[in-house]
Every structure is written in C-alpha cells, then in structure tokens.
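Written out below as structure tokens is the structure these notes cover.
The values are calculated or read from the model by the stated rules, or taken from the named source; none is laboratory data. This structure is a prediction, so every number in the text was calculated from the model and none was measured. Methodologically, a virtual Cβ is constructed for each residue, glycine included, from the backbone with ideal geometry; neighbour enumeration extends over all protein chains shown.
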Amino acid sequence: MALPLDLHLLQLYVIAVCVLVLAPGPDSLLVLTRSIADGRQAGVVATLGICVGNTVHSLLAAAGISALIAASASLFDLLRYAGGAYLAWIGLRSLWSVWTSRGAEPVPAVGAPAPAPAGRVFVQALLTNLLNPKIILFQLAFVPQFIAPHLGHVALQTFILGNIISVLGGVYLVGIAALSAGAARQVLSSPRVRAAMDGLAGVLFLGFAVRLLLTDRKFA
C-alpha cells in the first residue's frame, strides 16, 4: 500500500529536518554529556529514550491531543513549568557536583568511572523530550506545512512525518554518542577537565530551562 504522502513535499521536509536536527538543544546536549560521562552505550540509550519521546509526540499530534494541550493555557503552562524545572534540576545537579568537588585533592584515575544505569539514562532522556512543549508547538506549526490534505489520512501523514524526525534525529544523535564517547577516554582522565565540562553542561541546561520557561504558547 502506497503511503499517503506528497513526494515533493516529502523531499522538502527531509531537507528541512536535516537542517533542524543539527541545531543544538537539550536532547543533543544530554546525549553528549551522557556519552562523555558514561560511554557510547549510555549515549545510545539516551538516544533511544529521545526517539521514543519523539514518537509519542507524533502520536499525540496525530490524535489531536497536542492541539488540545497547546490550546489550553493551563495545560501548556503546566508542561512548560515541569519541563523547565526538570532541565534546571539536571543543570543544578551538574553544578552541584562541581561545587562539592571544589578544593578536593585530585585522585589518580584507576579506571573508568562506573556508568549510570541504563534505565535511569533512558528515563532521563525520555522525560527531557516529553516535557518539552516546544516539540508540541513544532509538531503543530511545522509538520502541517508538509501535509497534503487532498491525499487524505491526515492523521497518518502527521504520524509518519513526525517519526521521520525521530529517525533522522536518532541517526544524528547516535553519531554524537559515538564521537563523544571516543574522545571521552582522554578527556575524563583529568578531574579538572571533567569538572569544567560538568560546569559548562550545568550552565547550558539552565539556559535551556530559562528559554523553555519563556516559550510562547502561540503557534498559529
């Protein structure tokens, strides 16, 4: 059965998505930090959590639930505050680890640190994605521009296009995980370098939290 997609619009959509997934955001930063801290496998697990989150967003958009959330000021604000608080918590935890290690005597590394549990990494990535209302606005404002109503099955088109973002974004994030994990073996040998990276990640996550809290609900 042929998919109900306009091939010309699909080509334009794929090009646009390839450009958009390269833009830095909390998802790519999370994969980067998890890969450096816990290895390539943790980065791939984080990518899986983000892809699952994107698929859920696509399903909600196709079912019309995302439109209801965006139309409700209280629901949108609830999601916005929850997402901002969660990103801020990740950032503050990174900064706290830097603060608590301040002034401590450097300990010679005897091996790679124990990686975080895969389940915790997956849930963290999933929540980072699901609690981002900007993805909802993206699904409502960007994706419909590439839907061909005359082909019918608008909900199916919405779901398919949304999952293209998940697939292409997943490939990009796996690349980040592979490259950053390879560099981590040398970078993490220095406690000072790791503390600096934790501090930078903390500041960036706080920045993403502030930007998320300032998100405008208007999408039309």
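Within the range 31-82, being among the polar types (S, T, N, Q) and more than 26 Å from ASP198 (Cβ to Cβ) holds for ASN54, THR55, SER58, SER66, SER72, SER74. Filtering ARG194, ARG217, ARG211 for residues that are closer than 20 Å to ILE50 by Cβ, modelled with pLDDT under 85, of a type in the set (Lys, Arg) and surrounded by 13 or more Cβ atoms within 10 Å (Cβ to Cβ) leaves a single hit, ARG211.
Residue-wise test of (1) under 26 Å from ARG211 (Cα atoms); (2) among the aromatic types (Phe, Trp, Tyr); (3) in contact (Cβ under 8 Å) with a residue 24 or more places away in the chain.
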| position | (1), (2), (3) |
| --- | --- |
| ASP6 | no, no, yes |
| LEU9 | no, no, yes |
| LEU12 | no, no, yes |
| VAL19 | yes, no, no |
| PRO24 | yes, no, no |
| ARG34 | yes, no, yes |
| ALA37 | yes, no, yes |
| GLN41 | no, no, yes |
| THR47 | yes, no, yes |
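For the range 18-51, filtering for residues that are assigned to a loop (DSSP other than H, G, I, E, B) and touching a Gly at 6+ places or on another chain (Cβ under 6 Å) leaves 1.
A single member of ALA88, ALA42, ALA61, ALA82 is among the small types (Gly, Ala, Ser), within 20 Å of PHE122 (Cβ to Cβ) and touching a helix residue (DSSP H, G or I) at 6+ places or on another chain (Cβ under 6 Å), and it is ALA42.
Within the option set LEU200, LEU156, being modelled with pLDDT under 85 and in a helix (DSSP H, G or I) holds for one residue only, LEU200.
Selection of first residues in the range 160-181 that are under 28 Å from LEU60 (Cα atoms) and in contact (Cβ under 8 Å) with a residue 60 or more places away in the chain and of second residues that are aromatic (Phe, Trp, Tyr) and crowded, with 18+ Cβ neighbours inside 10 Å, restricted to Cβ pairs under 8 Å at least 6 apart or on distinct chains, gives the following pairs, ordered by first then second residue: LEU161/TYR13; LEU161/PHE146; ILE164/TYR13. Considering only residues of the range 143-159 that are among the hydrophobic types (A, V, I, L, M, F, W, C) and in contact (Cβ under 8 Å) with a residue 60 or more places away in the chain, which is nearest to ALA73 (Cα to Cα)? Result: VAL143. Taking the range 69-107 as the search range and keeping residues that are more than 14 Å from LEU206 (Cα to Cα), part of a helix (DSSP H, G or I) and among the polar types (S, T, N, Q), which one is modelled with the highest pLDDT? The selected residue is SER74. Scanning the range 1-17 for residues that are outside any helix (DSSP H, G or I) and of a type outside the set (Asp, Glu) returns MET1, ALA2, LEU3, PRO4, LEU5.
Quick check on GLY43: is it of a type outside the set (S, T, N, Q) and in contact with a Lys or Arg (Cβ under 7 Å, 6 or more places away or on another chain)? Here the answer is yes, as GLY43 does meet what is asked.
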